[in-house]
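A short write-up of the structure that comes next.
The values are calculated or read from the model by the stated rules, or taken from the named source; none is laboratory data. If you're wondering where the values come from, they're calculated on a predicted model, not measured in any experiment. Neighbour counts are summed over all protein chains in view; Cβ atoms, including those assigned to glycine, are modelled from backbone coordinates with ideal geometry. Remember, those area values only see protein heavy atoms, side chains included, never the ligands or the DNA or RNA. Shrake-Rupley method; radii C 1.70, N 1.55, O 1.52, S 1.80 Å.
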Amino acid sequence: MDAFKTHTGTALPLRRSNVDTDQIIPAVYLKRVTRTGFEDGLFAAWRNDPEFVLNRPEHEGVSVLVAGPDFGTGSSREHAVWALMDYGFRVVISSRFADIFRGNSGKAGLVAAEVDADVVEKLWGVVEADPSVQVTVDLEGCTVTAHDLVAPFRIDDYTRYRLLNGLDDIGITLGEEQLISDYESTRPSWKPVTL
Amino acid sequence: MGKTLAEKVWDEHVVRSGAGHETAQPDLLYIDLHLIHEVTSPQAFDGLRLAGRRVRRPDLTLATEDHNVPTLDIDKPIADPVSRTQVETLRKNAAEFGVRLHPLGDVEQGIVHVVGPQLGLTQPGMTIVCGDSHTSTHGAFGAIAFGIGTSEVEHVLATQTLPQARPRTMAVTVNGSLPEGVTAKDLILALIARTGTGGGQGYIVEYRGQAIEELSMEGRMTVCNMSIEWGAKAGLIAPDRTTFDYIEGKPEAPKGADWDAAVAHWRTLVTDDDATFDQEIVLDASELAPFVTWGTNPGQGVPLSERVPDPQDFSDEGDRVAAQKALEYMGLTAGTPMREVKVDTVFVGSCTNGRIEDLRLAAEVIKGHKVAADTRLLVVPGSVRVRLQAEAEGLDRIFHEAGAEWRGAGCSMCLGMNPDQLAPGERSASTSNRNFEGRQGKGGRTHLVSVPVAAATAVAGHLASPGDLAAAPAQPFETKES
């Protein structure tokens, strides 16, 4: 995974709450066995509408998504994160994320930045007034900046540490393999096995 | 100070505590059972191959085919080539990495969350994960069970552990008894309507109280299954005699002295009297009624006896806008009685309501009636075992005689990854768990309902409860051409 320290780009104001993972990428796109190429499924149903905000020419090349509360609810599909990243998004900003989506983001390298609800409103206002505004997301300082708006965001410390250093989660855990083996030696014999 | 049930199970699985860790790494949690299906696993196995890693504990891993599989012509190759490739990829991966797989055609095949419990692999006090958000179902046995993404699937395959931040705890206490005709599904839909889809976010929820204790294991699974629909990390219920009776004798349940040792431990898995929860919600079961959704998230629901709400009545602006958008998508007019909403397709099935009790309940309501002329009823058992049991009890004949379609096992129309989908604009009453836009097929409109409401709706042709049928003569509609 590439390290993420700071990112600057234009933003997409998505004025919707409860953007569930079926909207981010419908199930029909989940049949693939590859890990890339999911950008065509991103917001597939909504993109049929030429007026959908992502189809607007002034939002071409966006890389920061600013959405309403409860973003990423529903299924566990990591394809939702892959679709956002494959499309070019590096950051999603919302006042509340679903747990699994937030976890998947941290694993795949997408920054899920949680801000207060009024910050989302202000960002929407700034971006809608000037779609070309450059939004900077600084993971070291945990701030989001757009014009004269500077606001803090929240992300859990461990995810932040891994993203800043571009670390592979599995590699870190395998470094503790002895602890895992020690634990396994204490498991009761009646615990079920599949083989 | 005492511990909650969730804290006890969590603490028993901590391989390495996150307390005071220099890089803020959370607890490293051991996983007792890893369930796998074809949709969220191929990229995880690919990751293992690329890194030259093996599956650490294939003996704690079980795979089944469920999301993509057809429910018709199941003895033939899967017609959709993309679905077929995904299923075949799971077969190759299971063979290469030594994982037990129950493929299409196998007697143990079915929805992963139906198969685990019926095999007896789901037991109290376990940690269970799966690349599927409805893994919360297994919490009904007093296990900590939650859905994970594909990166985490790869992590569990490689290490049998997951780094996990310790969630907060919440108690949902449901006092009193559910009234006649009100089910576990109505209970959880009413709870989600009250809390919203984010109300449980960050919590492991323990459901407790008289109404929960009175539920069967299958009802408890329905409640825990939909924990994710109000955002909870997991939902669980303390194991009791009902739990032990359900597990005893199942193929993978402990036997002999192991059984006694297991039960002795399981009896300790209750929240201590002096334990405290970070949050508590109390419901009165006697006030609950059959519940249906009108919108496009599971929190947008009302009792069946009420009307489609008016967006203007929502005080929160976000809720108002969401309600407006939902009514547009659903093609509903504010003020319409829910009972007057005509339904094209009724789906009985899914990991929420596709177990044998659900099919018995549906058959009981539908017996002696016919499915309405302009409506179709799809009955999809959650597993092959459920299907065989239903057929042994003659339930399939009741469905056939009513004009319903009796299908093979799988996720089916819950998410429409197989051919069982709604057409654009088609309206369903569904015993599944999500009414998101396009969930059951592009442009499809979903009303989440209980099993009795689903069965009664199939007969009436509009949203209805079994009581509505009793008021009318049986077979009031012409039967469908077969």
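Beta bridges per DSSP, both residues in the protein assembly as shown: antiparallel share near 35 percent. Multiplying each eigenvalue of the alpha-carbon gyration tensor of the protein assembly as shown by 5 and taking the square root yields semi-axes of 36, 32, 24 Å, largest first, rounded to whole angstroms.
Share of pairwise Cα-Cα distances greater than 16 Å in region B:1-44 is 59 percent (whole percent). Starting from the Cα of A:Ala3, step 7 Å toward the Cβ, then list every residue of region A:130-164 with an amide N under 19 Å from that point. Taking a point 7 Å out along Cα→Cβ of A:Ala3, the residues of region A:130-164 whose backbone N falls under 19 Å are A:137-143, A:157-164.
Counting lysine pairs in chain B whose alpha carbons fall under 27 angstrom apart, excluding pairs fewer than 8 residues apart on the same chain, gives 22. The charge dipole of region A:100-195, taken about the Cα centre with unit charges on the Cβ atoms of Lys, Arg (+1) and Asp, Glu (-1), comes to about 420 debye, rounded to the nearest 20. Using C-alpha pairs below 8 Å separated by at least 6 residues, the relative contact order for region A:37-195 is 17 percent.
Taken residue by residue and averaged, Cβ atoms of other chains lying within 10 Å of the Cβ of B:154-161 number 5.
Taking square-rooted eigenvalues a ≥ b ≥ c of the alpha carbon gyration tensor, is region B:342-384 rounded, prolate or oblate, where a/c under 1.5 means rounded and, failing that, a/b exceeding b/c means prolate? Taking the square roots of the gyration eigenvalues as a ≥ b ≥ c, region B:342-384 is oblate. Dipole of the protein assembly as shown computed with +1 at Lys/Arg Cβ and -1 at Asp/Glu Cβ about the Cα centre; of B:Val302, B:Gln160, B:Gly110, farthest Cα towards the positive end is B:Gly110. Secondary structure note: in chain B, about 25% of the DSSP beta bridges are antiparallel.
Interface between chains A and B: roughly 5600 Å² of accessible area buried, both sides summed (probe 1.4 Å, protein heavy atoms only). Computed from the Cβ-Cβ distance with R0 of 41 Å, the FRET efficiency linking B:Glu328 to A:Leu167 stands at 0.35. Okay, which of region B:1-19 sit inside 19 Å, backbone N to the point 7 Å along the Cα-Cβ direction of B:Glu280? So the set is B:1-8. For region B:179-269, the alpha carbon positions stretch 45, 33, 23 Å along the principal axes, listed from largest to smallest. Counting only protein heavy atoms and a 1.4 Å probe, the protein assembly as shown has 35 square angstrom of accessible area per residue.
Based on alpha-carbon centroids, what's the gap between region B:254-304 and region B:78-130 in Å, whole number please? Centre-to-centre distance over Cα atoms comes out at 27 Å. To the nearest ten degrees, helix A:99-108 and the longest principal axis of the Cα atoms of chain A are 90 degrees apart.
Estimated at 0.36 nm per residue, the fully extended path between A:Thr36 and A:Asn48 surpasses their Cα-Cα distance by 2.1 nm.
Separation of region A:131-179 and region B:140-206, taken as the distance between their Cα centroids, equals 27 angstrom.
Using C-alpha pairs under 8 Å with a sequence gap of at least 6, the mean separation divided by the residue count of chain B gives a relative contact order of 16 percent. Calculate how many DSSP beta bridges within region B:338-482 are antiparallel, expressed in % of all such bridges and rounded to the nearest 5. Around 5 percent of the beta bridges assigned by DSSP in region B:338-482 are antiparallel ones. Once C-alpha pairs closer than 8 Å and six or more residues apart are averaged by separation and normalised to the residue number of region B:2-86, the relative contact order reads 24 percent. Taking the Cα centre of the protein assembly as shown as reference, the dipole from Cβ charges on Lys and Arg (+1) and Asp and Glu (-1) amounts to some 1100 debye. Over region B:309-365, the hull volume per residue, using the convex hull of the C-alpha atoms, is 134 Å³.
Peptides B:165-177, B:48-60 ordered by packing proxy, namely the average of other Cβ atoms within 10 Å per residue, highest first: B:165-177, B:48-60.
Identify, among A:Ala117, A:Leu149, A:Leu179, the residue whose Cα sits farthest towards the positive end of the charge dipole of chain A, taking +1 on the Cβ of Lys and Arg and -1 on the Cβ of Asp and Glu, with the dipole about the Cα centre. Checking the options against the dipole of chain A, the answer is A:Leu179. Considering only A:Trp46, A:Trp124, A:Trp82, the mean-square fluctuation computed in a Gaussian network model of chain A, springs between alpha carbons under 10 angstrom, is largest for A:Trp46. Comparing A:Asn55, A:Asn18, A:Asn104 in a Gaussian network model of chain A where C-alpha atoms under 10 Å apart are linked, the largest mean-square fluctuation is found at A:Asn55. Taking a straight Cα-Cα cut-off under 18 Å and skipping sequence neighbours fewer than 8 places away in the same chain, the lysines within cross-link reach of A:Lys5 are A:Lys107.
State the percentage of accessible surface on the protein assembly as shown attributable to carbon and sulfur atoms; use a 1.4 Å probe and exclude ligands, DNA and RNA. C and S atoms contribute 49 percent here. Less than 17 Å apart at the alpha-carbon level, and either on another chain or at least 8 residues along: which aspartates and glutamates does that give for A:Lys122? Leaving aside aspartates and glutamates fewer than 8 places away in the same chain, those within reach of A:Lys122 are A:Glu114, A:Asp130, A:Asp148, B:Glu317.
Would you please classify the overall shape of region B:270-326 from the alpha carbon gyration tensor, given that a ≥ b ≥ c denote the square roots of the eigenvalues, rounded means a/c under 1.5, and beyond that prolate means a/b larger than b/c while oblate covers the rest? Prolate, because a/c is 1.5 or more and a/b exceeds b/c.
Please say if region B:289-407 is rounded, prolate or oblate, where rounded means a/c under 1.5 for a ≥ b ≥ c the square roots of the C-alpha gyration tensor eigenvalues, and otherwise the choice is prolate for a/b larger than b/c and oblate otherwise? It comes out prolate by the Cα gyration axes. For region B:337-397, applying the loop criterion from DSSP together with a ceiling of 15 other beta carbons within 10 Å to the GluC sites (Glu not before Pro) yields B:Glu393.
Calculated mean residue ellipticity at 222 nm for chain B: -9500 deg cm²/dmol, from DSSP H runs with n ≥ 4 weighted as -39500 (n - 2.57), summed, divided by the residue count and rounded to 500. With a Förster radius of 45 Å applied to the beta-carbon distance between A:Ala117 and B:Ile74, the computed FRET efficiency rounds to 0.40.
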